[in-house]
Amino acid sequence: MAAHQEKKPSEERKHKSTQNGTQTSQVQWGRAWEVDWFSLASILFLLMFAPLITYYFIMSCDQYQCSLTDPLVDLLTGNKHLSDIWNKTPRLTYRAAGIYTLWVAFQVVLYVFIPDFCHKFLPGYVGGIQEGAVTPAGVVNKYEINGLQAWIITHVLWFANAYYFHCFSPTIIFDNWIPLLWCANILGYAVSTFAMIKGYFFPTNAKDCKFTSNFFYDYMMGIEFNPRIGKWFDFKLFFNGRPGIVAWTLINLSYAAKQQELYGQVTNSMILVNVLQGIYVLDFFWNEAWYLKTIDICHDHFGWYLGWGDCVWLPYLYTLQGLYLVYHPVQLCTANAIGILTLGLIGYYIFRMTNHQKDLFRRTNGNCKIWGKKPEYIECSYMSVDGTKYYSKLMTSGFWGWARHFNYTGDLMGSLAYCLACGFEHILPYFYIVYMTILLTHRCIRDEHRCFSKYGKDWKRYTAAVPYRLIPGIF
Ligand code: NDP
């Protein structure tokens, strides 16, 4: 066995191992090689119904004032036929196609051609060229982190063109919302299909590809781990962050502008949604380098789940609260507004601090202070494809000692705050908290399964030390 050595990434030590059997155990820690019936059924369900669910939500706002039940009642009582609803649905327009093409092309230009300059003058911000985590094949990819810059440039141009030069109305997104949905779908399907073909015929790193014998699973969960075009155009980083998340705050601004146009004022609930979600989006870009170490980038392959999800699901369903408030302008009493703001900010604080604690711990290899003390941890090891053995640590201090995914708990508190801002008249705005609860609980289980496959008995020691997942003492 070779001697231990310090190697990149800095927090992990590795050495070569020639033991038999390690090759078999290590391949389990990426996405699944074999598909069980439950995963297959879930995937088929999502492939069939996720686009319909998205359409249903947006259509109910457009035609039924955001009521989720009225369209069903109309259909079931024969009051309306599917064709009536479909005929009232706005079609794809040249204008929407032009706006969307320009939007995506502009984000590509910002991503590929403008190296980050924010890290040169913003203290504490980590941008520019950064390394990702070790892939199952033992590769460490480099990324150009310039999302914050793209977000700032985009928003400055938005305000300048909408309010100063009057090139377009700030309600442009709302006014073209359904035609833009068709464009987003076209891109979502195109990029997922392209990623699948690329995975078969010209993968960026063949050793990091995974094939099951199931076409639908491969299409949904992706084949390639880190598909790229050229040296820098990384599909996962681009589609995860932009155009969807840069658009998130613009979409909310467009909804606020529509409220102003329709009612002559912007309600405090709309301001709350804009502010709380704006903090979440800005946090994402401020911490984009940290994001390279999250499950989306570290562990998920790039398929329809990320490709279509980032193009359609995220911009359309994460922004439902703002859309709802255009149709139902809720003005909260001061006490409720303060309560919701407090819940949102506490949720954000927990989310950020938990993520920060792990990041600090991993970056410094445990040589840091968590809540004023040296962190406690469990030493663990895992293997990559080529039989290299890596060492890592699982922290049991700070929020990570309270629960194994307290960052998700904070995220859920923030998500609940957005929904509460919309009052209790309709269930549509509450879709987000229901969805996030399912997503993050499933993600928790999925991550733990992966971590168990990766760390084996070390993971068991960790779960014995930190027995709860999301809520200490309960779950
Ligand atoms: P985490 O940031 O919690 O990362 C999980 C990984 O961290 C594990 O796979 C493991 O990776 C490592 N890890 C687990 N326990 C420990 C520990 N005790 N000490 C050190 N490292 C540990 O998960 P996500 O990437 O899913 O989430 C990141 C954030 O993004 C969360 O706050 C989440 O709420 C948010 N999020 C938001 C979504 C949205 O749609 N709004 C969707 C998904 C996430 P390793 O293999 O390196 O050990």
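The values are calculated or read from the model by the stated rules, or taken from the named source; none is laboratory data. Just so it is clear, the structure is predicted and the values come from calculations on it, not from any experiment. Cβ coordinates were reconstructed from backbone atoms using ideal geometry, including for glycine residues, and neighbour counts include every protein chain displayed. Just so you know, the surface numbers come from the protein's heavy atoms only, side chains and all, with ligands and any DNA or RNA stripped out. Shrake-Rupley method; radii C 1.70, N 1.55, O 1.52, S 1.80 Å.
Taking the stretch 368-395, which residues are part of a strand (DSSP E or B), within 27 Å of the chain's Cα centre (by Cα), touching a residue at least 60 places away in the same chain (Cβ under 8 Å) and buried (at least 21 other Cβ atoms within 10 Å of the Cβ)?
So in the stretch 368-395, the residues part of a strand (DSSP E or B) come out as 370, 373, 377-383, 388-395.
Next cut, within 27 Å of the chain's Cα centre (by Cα) only: 370, 382, 392-395.
With touching a residue at least 60 places away in the same chain (Cβ under 8 Å) added as a condition, the list becomes 382, 392-394.
Listed by number, the residues that qualify are 382, 392, 394.
Yes or no: the stretch 161-173 includes at least one residue that is open to solvent by less than 30 Å² (accessible area, probe 1.4 Å), hydrophobic (A, V, I, L, M, F, W, C) and in contact with a strand residue (DSSP E or B) (Cβ under 8 Å, 6 or more places away or on another chain).
no
Which one is farthest from the ligand (Cβ to nearest atom), of the residues in the stretch 320-342 that are farther than 19 Å from residue 413 by Cβ, open to solvent by less than 40 Å² (accessible area, probe 1.4 Å) and out of contact with any Gly (no Cβ under 6 Å at 6 or more places or on another chain)?
The first filter runs over the stretch 320-342 and keeps only residues farther than 19 Å from residue 413 by Cβ, leaving 322-331, 333-334.
Filter once more, keeping what is open to solvent by less than 40 Å² (accessible area, probe 1.4 Å): 322-326, 328, 330.
Next cut, out of contact with any Gly (no Cβ under 6 Å at 6 or more places or on another chain) only: 322-326, 328.
On the way: 322: 16, 323: 17, 324: 18, 325: 20, 326: 22, 328: 24 Å.
The qualifying residue farthest from the ligand (Cβ to nearest atom) is 328.
Which one is surrounded by the fewest Cβ atoms within 10 Å (Cβ to Cβ), of the residues in the stretch 343-367 that are over 21 Å from residue 292 (Cα atoms) and in contact with a Leu (Cβ under 9 Å, 6 or more places away or on another chain)?
This residue is 345.
Restricting to the stretch 439-475, name every residue that is in contact with a helix residue (DSSP H, G or I) (Cβ under 8 Å, 6 or more places away or on another chain), part of a helix (DSSP H, G or I) and open to solvent by 70 Å² or more (accessible area, probe 1.4 Å).
Within the stretch 439-475, 452, 460 meet the criteria.
Say whether the condition of being among the charged types (D, E, K, R), under 17 Å from the mean Cα position of the chain (by Cα) and open to solvent by less than 20 Å² (accessible area, probe 1.4 Å) is met by at least one residue in the stretch 396-418.
Scanning the stretch 396-418 turns up at least one residue that is among the charged types (D, E, K, R), under 17 Å from the mean Cα position of the chain (by Cα) and open to solvent by less than 20 Å² (accessible area, probe 1.4 Å).
For residue 291, indicate whether it is hydroxyl-bearing (Ser, Thr, Tyr), open to solvent by 10 Å² or more (accessible area, probe 1.4 Å) and closer than 30 Å to residue 331 by Cα.
Against the criterion (hydroxyl-bearing (Ser, Thr, Tyr), open to solvent by 10 Å² or more (accessible area, probe 1.4 Å) and closer than 30 Å to residue 331 by Cα), residue 291 does not qualify.
Can you name the residue in the stretch 187-208 that is in contact (Cβ under 8 Å) with a residue 60 or more places away in the chain and within 23 Å of the chain's Cα centre (by Cα) and, of all such residues, is most open to solvent (accessible area, probe 1.4 Å)?
189
What about residue 100, is it touching a residue at least 40 places away in the same chain (Cβ under 8 Å), hydroxyl-bearing (Ser, Thr, Tyr) and under 23 Å from residue 59 (Cβ atoms)?
yes
Any idea which of 313, 248, 304 is open to solvent by 10 Å² or more (accessible area, probe 1.4 Å) and within 21 Å of the chain's Cα centre (by Cα)?
313
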